[in-house]
Amino acid sequence: MLTITDLQASVDQKEILKGINLEIKPGEVHAIMGPNGSGKSTLASVLAGREEYEVTGGSVDFEGQDLLEMSPEERAAAGVFLAFQYPVEIPGVTTINFLKTALNEIRKSRGEEPLDAAQFLKLMREKAKLVNIDDALLKRSLNEGFSGGEKKRNEIFQMAMLEPKLAILDETDSGLDIDALRIVAEGVNKLRSPERAVIVVTHYQRLLDYIVPDYVHVLYKGRIVKSGPKELALELEEKGYDWIKAEVAASL
Amino acid sequence: MDLSKNTDLKQQLVADFQANESRLNGETKTPVHQTRREAMQNFEKLGFPTIKHEEWKYSNVNSLVKQAFDFNVKTEFGSEELETLAIPNLEGNILYFINGIYNPALSRIVSPENQLQILSFGQAVKENPSLLDAYFAKYANYQDDAFTALNTAFAHDGVVVNVPAGKVVEQPIILRFITDARAANAASQPRNLIVVGKNAEVKMAEAFRTIGENGSFTNIVTEIVIDENANVQYYKVQNETEKAYHIGTTQVSQKANSHFYAVTVTVNGGFVRNNLNIVLDGQNCEAFMYGLYFPNGKQHIDNHTLVDHAKPNSYSNELYKGVLQDKSTGVFNGKIFVRDGASKTNAYQSCRNVVLSDEASMNTKPQLEIYNDDVKCSHGTTTGKLNDEALFYMRSRGIPKAEAMTLLMYAFCEDVISEIKIEPIRAYLEGVIADKLAQK
């Protein structure tokens, strides 16, 4: 589904990703872990098409398409979804209105009929249950004045509405207490399917207790320096990142 | 400083005034006409302002005053054409002025006369001169302001409204000014006087449209006199052509415990200057001013507001917002004047702008003149671009860039739009604003 080959990217002429290689198949959940500043969020942003990041080398193939050539909205239409680390507050645009526009734009680009108001509301009610999100919240301006947990739940709710093929969760656990974390993780788990792949970007192992990955990759200094099964996350939790750093230093 | 270099239109107006005067049979002796004559003398002295004038630094009327305008353009405009300009579902006292002339056939007054007395200015001169003698030109500054002087000199049509004390007028008063510039450069100078008695309440709107390919020039003055504990909502809606010049002054006087609420929305116009001057001439007054403007192309929109806190314990609050595109220009000049005796004044002002093009520009100037120590005043202006992070967020959810920009621009304006409390006008504006923002 997704093949990342020697991906290099920089921001403000500072090189952040220095050659990422990653292969993701439908139905898989990959966790990307690593110390602060290792490039985790940059990778997520590059995949979603954030313009501040300049791709300086390598390629990303998504279902046979060159992802890097696509605009953010084209990527969304193709089925890529990024759950933001810091969801943006947009005063004056309600979540409902925003999502209806987004969903119908995506449907339009796929040659599908737009949903009318009734169909949309029905779908919305159904998906809202997944993350336990309140109707009243969805009628408010997007993320405005939402708590940290509400914002993250809203991200997963939007994911449920847009039904992406590839979901990238960028530090979705940051700033969440354990109850909020559990709700968000349960929402994600309900959305797991054999057709859908998930990339979970996180600093801590905690989230991976709930969203159990098939593979864990450690990103350090812009490269994936170690990959392994889910147990790798536990090892990282126990031992921290220093042993990885030492391994990398020793191999140079 | 010679401020009277521009002469073409001025000469025409001086000649017009004399010609008008010779046709006034017996009216020349009335106090109203004495005021007109005095105003004309002031205008002759002042001339049209140039950009050397501090108040006109960013708004150059040079191209206006070089043009010739017909102040009596014949128009065939009738009820059929009206339908294309209608604001859907709008009910109330709707008065039409076509090229500045009151059109009773198109207009309708629905409020009972004990609630609301509406006369055209011409009728009021004949039927209620005492009201004019008491209030006309007692508030708007025709001594120093050239355009107000000019309007006062030519004050012949417009509306004179009297809301008697204690009356709550349920139906709004809608003044629709239609300029028909299909045949020639059309000009008009409407003059309105709104007198609201103690404990009375009224909602009103002035809406401006221009049709036709020629130029137009509207020079309007509205005086609103609000007595104690009265409540007035005032809306000004402008949707004119690129060739339309609009210069307007709304002069408000508030007595104690009164409440005034204004929303000015400029959707389109070539050259627009709106002066909103409020004198809080009593304690415990409240004045709210909201504004929105969306210039594109080469449109120029200038809002000047002045709040004069003349007495203690009053409150004023203003919020103006603009979205500027292409090569358009905007001006916001907000003056807050707190007099020596006006302690416990609360005055707040904010102007926020989104400039979408490198060739567009916005000049903002807050001016606070405070002669009392015991006040709370604040002002802030911001001019920026759309939030890139919000734009990316929306695009990453599948909303194309252009659509996302439109949504963000609309969202930026939403808090001011929601202040429009005459529902059909708000709905109409939501539509035309969304259309305009989607055009780009």
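The values are calculated or read from the model by the stated rules, or taken from the named source; none is laboratory data. Bear in mind the structure is a predicted one, so any value in this text is a computation, not a measurement. In this analysis, Cβ positions are derived from the backbone assuming ideal geometry, glycine residues included, and neighbour counts consider all displayed protein chains.
Observations on the structure shown:
- Selection count, the range A:88-103, where residues are more than 7 Å from chain B (Cβ to nearest Cβ), over 11 Å from A:M161 (Cβ atoms) and in contact (Cβ under 8 Å) with a residue 12 or more places away in the chain: 2
- Residues that are within 17 Å of the chain's Cα centre (by Cα), of a type in the set (S, T, Y) and either surrounded by fewer than 17 Cβ atoms within 10 Å (Cβ to Cβ) or farther than 11 Å from A:M33 by Cα (or both), drawn from the range A:182-230: A:S193, A:Y204, A:Y210
- Any hit, the range B:93-105, residues being at pLDDT below 85, of a type outside the set (G, A, S), on the phi < 0 side of the Ramachandran plot and surrounded by 14 or more Cβ atoms within 10 Å (Cβ to Cβ): no
- Condition check for B:A105 on (1) in contact with a helix residue (DSSP H, G or I) (Cβ under 8 Å, 6 or more places away or on another chain); (2) among the small types (G, A, S); (3) more than 25 Å from B:I178 (Cβ to Cβ): one failure, at (3).
- Take the conditions (1) polar (S, T, N, Q); (2) buried (at least 19 other Cβ atoms within 10 Å of the Cβ); (3) more than 24 Å from B:I51 (Cα to Cα); B:Q299 misses just one of them, which is (3).
- Checking B:Y234 against (1) over 19 Å from B:N185 (Cα atoms); (2) among the hydroxyl-bearing types (S, T, Y); (3) in contact (Cβ under 8 Å) with a residue 60 or more places away in the chain, the condition it does not meet: (3)
- Output for the range A:77-87, where each listed residue is within 22 Å of A:T202 (Cα to Cα) and surrounded by 18 or more Cβ atoms within 10 Å (Cβ to Cβ): A:G79, A:V80, A:F81, A:L82, A:A83, A:F84, A:Q85, A:P87
- Filtered residue count, the range A:139-160, keeping only those that are of a type in the set (A, V, I, L, M, F, W, C), assigned to a helix (DSSP H, G or I) and surrounded by fewer than 21 Cβ atoms within 10 Å (Cβ to Cβ): 0
- Output for the range A:151-187, where each listed residue is more than 14 Å from A:N132 (Cβ to Cβ) and hydrophobic (A, V, I, L, M, F, W, C): A:M159, A:M161, A:L162, A:L166, A:A167, A:I168, A:L169, A:I178
- Test: residue in the range A:63-72 that is more than 8 Å from chain B (Cβ to nearest Cβ), in a loop (DSSP other than H, G, I, E, B) and loosely packed, with under 15 Cβ neighbours inside 10 Å: yes
- Some residue of the range B:353-362 being within 14 Å of another protein chain (Cβ to nearest Cβ) and at pLDDT 95 or above: yes
- Restricting A:V201, A:V212, A:V248 to residues that are without any contact (Cβ under 8 Å) to a residue 60 or more places away in the chain and β-branched (V, I, T) narrows the list to A:V248.
- Residue count for the range A:139-155, restricted to those that are in contact with a strand residue (DSSP E or B) (Cβ under 9 Å, 6 or more places away or on another chain) and within 13 Å of chain B (Cβ to nearest Cβ): 7
- Members of the range B:21-37 found to be within 28 Å of B:N62 (Cβ to Cβ) and surrounded by fewer than 16 Cβ atoms within 10 Å (Cβ to Cβ), listed by number: B:R37
- Flag if A:R107 is in contact with a Leu (Cβ under 8 Å, 6 or more places away or on another chain), without any contact (Cβ under 8 Å) to a residue 12 or more places away in the chain and within 11 Å of another protein chain (Cβ to nearest Cβ): yes
- Some residue of the range B:338-346 being crowded, with 17+ Cβ neighbours inside 10 Å and closer than 30 Å to B:L429 by Cα: no
- The residue list A:A128, A:A44, A:A136 contains one member that is touching a residue at least 24 places away in the same chain (Cβ under 8 Å), out of contact with any Gly (no Cβ under 9 Å at 6 or more places or on another chain), away from chain B (no Cβ under 14 Å) and part of a helix (DSSP H, G or I), which is A:A128.
- Any hit, the range B:383-399, residues being within 28 Å of B:K335 (Cβ to Cβ) and either at pLDDT 95 or above or not in a loop (DSSP other than H, G, I, E, B) (or both): yes
- Complete set of residues in the range B:387-421 that are surrounded by fewer than 17 Cβ atoms within 10 Å (Cβ to Cβ) and of a type in the set (A, V, I, L, M, F, W, C): B:A402
- Scanning the range B:265-283 turns up at least one residue that is in contact with a His (Cβ under 8 Å, 6 or more places away or on another chain), under 24 Å from B:E55 (Cα atoms) and small (G, A, S).
- Taking the numbered list (1) within 18 Å of B:K10 (Cα to Cα); (2) outside any loop (DSSP other than H, G, I, E, B) in turn, B:V32 passes all entries but (1).
- A count restricted to the range B:275-287 and to residues that are in a strand (DSSP E or B) and either over 13 Å from the mean Cα position of the chain (by Cα) or surrounded by fewer than 23 Cβ atoms within 10 Å (Cβ to Cβ) (or both) stands at 6.
- The number of residues in the range B:400-429 that are in a helix (DSSP H, G or I), farther than 30 Å from A:L47 by Cα and within 12 Å of another protein chain (Cβ to nearest Cβ) comes to 5.
- The set of residues in the range B:396-430 being aliphatic (A, V, I, L, M) and in contact with an Asp or Glu (Cβ under 7 Å, 6 or more places away or on another chain) consists of B:I399, B:I417.
- Among the criteria (1) under 21 Å from the mean Cα position of the chain (by Cα); (2) exposed (fewer than 15 other Cβ atoms within 10 Å of the Cβ), the one B:K52 does not fulfil is (1).
- Taken over the range A:49-62, the criterion of being within 14 Å of chain B (Cβ to nearest Cβ) and either without any contact (Cβ under 8 Å) to a residue 40 or more places away in the chain or buried (at least 21 other Cβ atoms within 10 Å of the Cβ) (or both) is satisfied by A:G49, A:R50, A:E51.
- Options B:F97, B:F77: the member that is within 18 Å of B:S188 (Cβ to Cβ), in contact (Cβ under 8 Å) with a residue 12 or more places away in the chain, touching a Pro at 6+ places or on another chain (Cβ under 7 Å) and not in a helix (DSSP H, G or I): B:F97
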